[in-house]
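Read-outs throughout are calculated quantities, based only on the coordinates presented, and are distinct from any laboratory measurement. Note that the structure is a prediction, hence the values are computed from the model and not measured. Here the Cβ is made from the backbone with ideal geometry for all residues, glycine too, and neighbour counts use every protein chain on show.
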Amino acid sequence: MKKLDCLFVYPGAPAGKKNLLPIMPAGLLAMAAYLAKRAVNSAIISLPTALKGEFYLPGIIKDRQVKLVCIPAHWHRQAAGALALAARLKRAAPGVKIALGGYTASYFAAEILAEHPAVDFVVRGDGELPLLKLIDRLKAGGAGLAGVPNLAWRGKKGLVLNRVSYAASSPMLTDLGLAGLGFVLNRNPAPRRGVCFEDGMFTYVQARGCADNCSACGGGREFHRKFCGRRGVALKSAASAARDFAGLAAMGIKEIQLPLSPLSSDVYYIELLRQLMKRKLEPVLKVELCGLPSAEFLHCFSRAPGAGSKITIFSGSGSERVRRLNRGRFYTNAELMQTMRLAARLNVNVWTTFTTGLPFETRCDLQETGELIRGMRREFGMNRASVYAFSLEPGSPLFETPEKYGVKLRRRALADFLDQRGKYDMGYATEHFTEKEIVRNLKFLEKIARG
Ligand code: B12
Ligand code: SF4
């Protein structure tokens, strides 16, 4: 059996028999592909959808002489699961080194190393080059860790946070492709929800970073600058994304979700649709946008993708005042409705998603959101909206400067995030609503959306 330098294990967020966050970070594919190109062997195991008894991790670590186990603590709701797995593996295989990475680990790197002895390293921000260098150093006996970019580690004199100087560039992302899929060890690498799939759609992440800085988002411009060392958005070229889609089609994967719109302009999507048409590819697409699609994009969308495709617009609040105060990409409700009318004329399925619990939202604003959802139903004869609430995201603007947003935080430290329970554990209250009221407001809007 081939030796493994590095084993990625995604634990999800175990909750009894269920696993609440079954999708692993797309970056694991990128890192495995990057390492393979440089002759470093790695493999990926995604535990939430693994079959019963499919993986005995201590056995794999021993048999394949794994040097480094890499565990994502990416989403804060799965950080507790990541730390529990690290502790379990360290007990079972004390010689193996364990690294954590991902957004939440990047934010809490110092706390993780100070409070969780099972974790040897935390990689802050992007992991490709840091892991390559770290594995190189480990193979050579473990000296020279100060030269590994983005690495947090325990030195002789205490904790060392190396500078976050590496962030993947656009040409690098363009170059990577989806070779990483070949390193997934799960017998079922394409479940309906898990590995890289959400509701049967492959979640294709074409970029890193965001040009905007919405108040409640833990992946905006400033988060990426401060905690991932990213200056500007890194974007895979549309031509190479179309090439990846062709590869997915060849594997029988025809439903693709694009869950990130890092730029306010939709020029990228228009170019991607053109590339798909050129290649005569017709995947079922779900494009998620934080801003409004242009008329040109809607026209292209009506011609290009497969039946069942849709666009989802994340609109924030239904109140223009609250949207303006919280979201980077602003538009009026009239513009939103005009866009939806054009989409309806073009037979493009456009869906909206609203949120409640944003800073500055009052009871009146909540009613406005409800009214907008009702108005859409009246005009289009069917429901066009869903609702969700952001729980507190570490590193988001409202987490970093709560006073600016008039919010009170109940969670600040890593330990607070590890203690959270369930999807209604919001972690903050606004000037106008307590946590309980935010949840109540969410349920109120959900009821309206259901009709
Ligand atoms: C794309 C996306 C998704 C996609 C994910 C697709 C995928 N397979 O990764 C989908 C739509 C599925 C999704 C779902 C969710 N998301 Co999301 N998502 C994003 C988004 C828009 C972009 C993420 C991104 O750019 N990834 C870039 C990719 C290529 O890199 P990566 O996967 O992050 O991996 C790199 C590094 O992070 C690092 N790394 C990651 N893991 C590890 C592990 C190790 C050991 C190492 C060394 C390095 C490392 O190295 C990688 C390569 O360089 C961000 C917002 C933003 N603008 O950032 C929110 C965001 C990440 N999501 C968020 C949330 C909350 C969620 C959900 C929990 C929402 C929900 N309530 O259901 C779910 C979780 C689903 C699950 N796990 O089952 C939050 C996370 C905040 C936090 N710290 O927890 C963000 C920041 C948005 C927000 N609301 O603030 N999401
Ligand atoms: S909500 Fe969307 S536009 Fe706003 S910062 Fe997050 S990813 Fe960017």
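Structural remarks
- Diagonalising the gyration tensor over the Cα atoms of the stretch 406-451 and scaling each eigenvalue by 5 before taking the square root yields semi-axes of 24, 14, 6 Å, largest first.
- Amide hydrogen neighbours beyond the local backbone of Cys214, cut-off 5 Å, H modeled: Arg221, Gly328
- In range of the label at Tyr56: residues from the stretch 1-35 whose backbone nitrogen is under 18 Å from the point 7 Å along Cα→Cβ: 1-2
- Exposed loop sites were defined as GluC sites (Glu not before Pro) in DSSP loop states (anything but H, G, I, E or B) carrying at most 16 other C-beta atoms within 10 Å; in the chain the longest segment without such a site runs 55-430.
- Label reach from Glu198 (point 7 Å along Cα→C-beta): in the stretch 245-275, amide nitrogens under 15 Å belong to 255-262.
- Sum of -39500 (n - 2.57) over DSSP H runs of 4+, divided by residues of the chain (222 nm, nearest 500): -11000 deg cm²/dmol
- Given charges at Cβ of Lys, Arg, Asp, Glu: the chain dipole, positive-most of Pro94, Leu132, Ser261: Pro94
- The C-alpha atoms of the chain define a longest principal axis, and helix 333-345 lies at about 90 degrees to it.
- Spin-label zone in the stretch 288-330 - amide nitrogen under 11 Å from a point set 7 Å from the Cα of Met382 along the C-beta vector: 308
- Cα-Cα over 20 Å, subset of Lys2/Lys67; Lys62/Lys156; Lys157/Lys226; Lys156/Lys226; Lys18/Lys286; Lys90/Lys423: Lys62/Lys156; Lys157/Lys226; Lys156/Lys226; Lys18/Lys286; Lys90/Lys423
- Surrounding net charge for Ala86, when Lys and Arg each add one and Asp and Glu each subtract one, Cβ distance under 15 Å: +2
- Filtered chymotrypsin sites (Phe, Trp or Tyr not before Pro), the stretch 118-180: DSSP coil and at most 11 other beta carbons within 10 Å: none
- A crude spin-label estimate for the pair Thr434 and Lys278, with each label 7 Å from Cα along the Cβ direction, gives 5.9 nm.
- Simple spin-label estimate for Lys139 and Lys3 gives 0.8 nm between the two label positions (7 Å along the Cα-to-Cβ direction from each Cα).
- In this calculation the C-beta distance from Thr353 to Asp416 is compared with R0 = 41 Å, giving a FRET efficiency of 0.90.
- The ranking of Met24, Met426 from fewest to most other beta carbons within 10 Å of each one's beta carbon is Met426, Met24.
- Within-9-Å neighbourhood charge of Leu289 [Cβ basis; K, R +1; D, E -1]: -1
- Centre-to-centre, using Cα atoms only, the stretch 52-112 and the stretch 356-393 are separated by 39 Å.
- Summing +1 for each Lys or Arg and -1 for each Asp or Glu among the other residues whose beta-carbon sits under 14 angstrom from that of Asp199 gives +2.
- Annotation for Ala84 and Ala15: the two label points, set 7 Å from Cα along the Cα-Cβ direction, are 1.2 nm apart.
- Scattering profile of the stretch 46-191 at q = 0.08, 0.11, 0.12, 0.16 Å⁻¹ [log10 I(q)/I(0), Debye over alpha-carbon scatterers]: -0.23, -0.44, -0.53, -0.96
- Between amide H atoms placed 1.01 Å from N, distances below 5 Å from Lys286 occur with Ile256, Gln257, Leu258, Lys310, all of them 5 or more places distant or on a separate chain.
- Magnitude of the charge dipole for the chain, about its Cα centre and with charges confined to Cβ atoms of Lys, Arg (+1) and Asp, Glu (-1), is about 940 debye.
- Antiparallel bridges, percent of DSSP beta bridges restricted to the chain (to nearest 5): 30
- Within the stretch 1-99, the trypsin sites (Lys or Arg not before Pro) that combine a DSSP coil assignment with at most 13 other C-beta atoms in a 10 angstrom radius are Lys2, Lys3, Lys17, Arg38, Lys52.
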